[in-house]
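First up is the structure itself, then whatever we jot down about it.
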Amino acid sequence: MASEEKNQSNIINSELNLNYNKYIFADKPINRFKTKPKVEDISTKLDELRNEIEKIENCELKKNASKIVFSDGNNRSKIMIVGEGPGQKEDQEGKPFVGDAGMLLNKMLKSINIERKNVYITNVVNYRPPNNRKPEPVEITKYSNFLRKHISIIDPKILILMGSTAMESLFGSNIKITKERGSWKDIIVNNKNYLCMITFHPAYLLRQPENKKYSWRDLKEIRKKIDQLNISL
Ligand code: URA
């Protein structure tokens, strides 16, 4: 072999050896499974999101509310519930769904064998709207960016949207809840697909109890899906 060719061959061999050293002699199996996000990661991300929301500017809701109402429940849960916005009691306590609608929500969950503490609960807007008015479309849009981040952090297997405001926040305002509730839908949030059920809001059911029969159907569907997907709660 000519000496230049020999040098070249040595270089190639030594590169190969380097690569062998790097790749072949690992004595552990390759971990092909995606590791679950750590509890601390989720909590840190949620703290960051809460801080981001607290920095919101020019927001009528924040100006009139006494404090932020961020979330309640288990941040590792695979079930995430989204309501509309805090009422008076929620504004006082800083927790979602602690008033009359919250009591009904707890009963609805119980009826399908779910403890409230085992799900994750938040709202479309995180500050109480003055006089409990419905959030304006611009407010829904503004807060939907936060909600989308929130969903990505919790990464639920089932997303339950309660009421038309939660529905509008992710699906827009051209659809009607009476038509859309009760069937499984896919929603893409930050490039990931989530299984989603739209259902009536408990506060609406307190005003229109004759519609509880539809919610009962939806709840049974949700229970069925939890069992099918083997979601432990
Ligand atoms: N209604 C909601 O939508 N959210 C709450 O937190 C309370 C009542």
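The values are calculated or read from the model by the stated rules, or taken from the named source; none is laboratory data. Quick caveat, the model's predicted, so the values are computed rather than measured. Because the Cβ atoms are built from the backbone with ideal geometry, glycine has one as well, and the counts that use them run over all protein chains shown. The accessibility values were calculated without ligands, DNA or RNA, using every heavy atom of the protein model including side chains. Shrake-Rupley method; radii C 1.70, N 1.55, O 1.52, S 1.80 Å.
Give, as ranges by residue number, the residues of the range 107-127 whose backbone N falls under 14 Å from the point 7 Å along Cα→Cβ of residue 75.
120-122
Determine ³J(HN,Hα), in whole Hz, for all residues of the range 38-52 in sequence, where each value follows from phi through the Karplus function 6.51 cos²θ - 1.76 cosθ + 1.60 and θ = phi - 60°; x replaces Gly and Pro.
Whole-Hz 3J(HN,Hα) from phi for the range 38-52: 6, 4, 4, 4, 4, 4, 5, 5, 5, 4, 5, 5, 4, 4, 4.
When the accessible area of the range 40-186 is computed with all protein chains present and a 1.4 Å probe, what percentage of it is carbon and sulfur? Please list the in-between numbers first.
Details: 3050 of 6930 Å².
On the range 40-186, the fraction of accessible area on carbon and sulfur atoms equals 44 percent.
Taking the Cα centre of the range 37-147 as origin, work out the dipole magnitude from +1 charges on Lys and Arg Cβ and -1 charges on Asp and Glu Cβ, in debye rounded to 20.
320
In a Debye calculation with equal point scatterers on the alpha-carbon sites of the range 30-113 and no solvent, what is log10 I(q)/I(0) at q = 0.13, 0.19, 0.25 Å⁻¹?
Each listed q corresponds, in turn, to -0.57, -1.00, -1.30.
Out of residues 5 or more away from residue 194 or on other chains, whose amide H comes under 5 Å of its own, with H placed 1.01 Å from N in the peptide plane?
187, 188, 189
Per residue and in Å³, how big is the convex hull formed by the alpha-carbon atoms of the range 77-186?
Values: hull volume 12.2 nm³, N = 110.
Expressed per residue, the convex hull around the Cα atoms of the range 77-186 is 111 Å³.
Based on the alpha-carbon gyration tensor of the range 73-113 and its eigenvalue square roots a ≥ b ≥ c, which shape applies: rounded if a/c is under 1.5, prolate if not and a/b is larger than b/c, or oblate? Let's see the in-between values first.
Details: a/c = 2.30, a/b = 1.37, b/c = 1.68.
Taking the square roots of the gyration eigenvalues as a ≥ b ≥ c, the range 73-113 is oblate.
Starting from 0 in steps of 5 Å, tell me what percent of the Cα-Cα pairs of the range 115-173 lands in each bin.
4, 17, 29, 25, 16, 8, 2
Convert each backbone phi in the range 137-144 into a coupling constant with the Karplus relation 6.51 cos²θ - 1.76 cosθ + 1.60 (shift: θ = phi - 60°), then list the ³J(HN,Hα) values in order as whole Hz, x for Gly and Pro.
x, 5, 5, 4, 5, 4, 6, 5
So how much slack lies between residue 232 and residue 47, counting 0.36 nm per residue of separation and subtracting their Cα-Cα distance, in nm? Walk me through the numbers before you get to the answer.
Values: separation 185, 0.36 × 185 = 66.60 nm, distance 2.53 nm.
Result: 64.1 nm gained on full extension.
Going Cα to Cα from residue 220, which lysines come in below 23 Å? Please leave out same-chain ones fewer than 8 positions away.
78, 107, 110, 117, 157, 176, 179, 185, 212
What's the local net charge at residue 171, with K and R +1, D and E -1, over the other residues with C-beta under 14 Å away? Before the final figure, lay out the partial values.
Details: positive: 148, 176, 179, 181, 185; negative: 168, 180, 186.
Taking every Cβ under 14 Å from that of residue 171, the sum is +2.
Take the Cβ-Cβ distance between residue 152 and residue 210 as r, set R0 to 41 Å, and report the resulting FRET efficiency rounded to the nearest 0.05.
Details: r = 37 Å, r/R0 = 0.90.
Efficiency for this residue pair is about 0.65.
For the pair residue 141 and residue 40, what calculated FRET efficiency results from E = 1/(1 + (r/R0)^6), where r is the Cβ-Cβ distance and R0 = 41 Å, to the nearest 0.05?
On the way: r = 32 Å, r/R0 = 0.77.
According to the calculation, E is roughly 0.80.
Taking residue 63 as the anchor, which aspartates and glutamates have their alpha carbon closer than 19 Å to its alpha carbon, excluding any fewer than eight residues away along the same chain?
52, 54, 84, 90, 91, 93, 136, 139
Contact order normalised by length for the range 78-139, with contacts defined as Cα pairs under 8 Å and 6 or more residues apart; what percent is it?
Details: 74 pairs, mean separation 30.9, N = 62.
Worked out over the range 78-139, it gives 50 percent.
For the range 71-137, what is the accessible area per residue in Å², given a 1.4 Å probe and the full set of protein chains? Numbers along the way, then the final one.
Details: 2850 Å² over 67 residues.
So the range 71-137 comes to 43 Å² accessible per residue, rounded to a whole number.
Take the Cβ-Cβ distance between residue 179 and residue 117 as r, set R0 to 35 Å, and report the resulting FRET efficiency rounded to the nearest 0.05.
Numbers: r = 33 Å, r/R0 = 0.94.
FRET efficiency, residue 179 to residue 117: 0.60.
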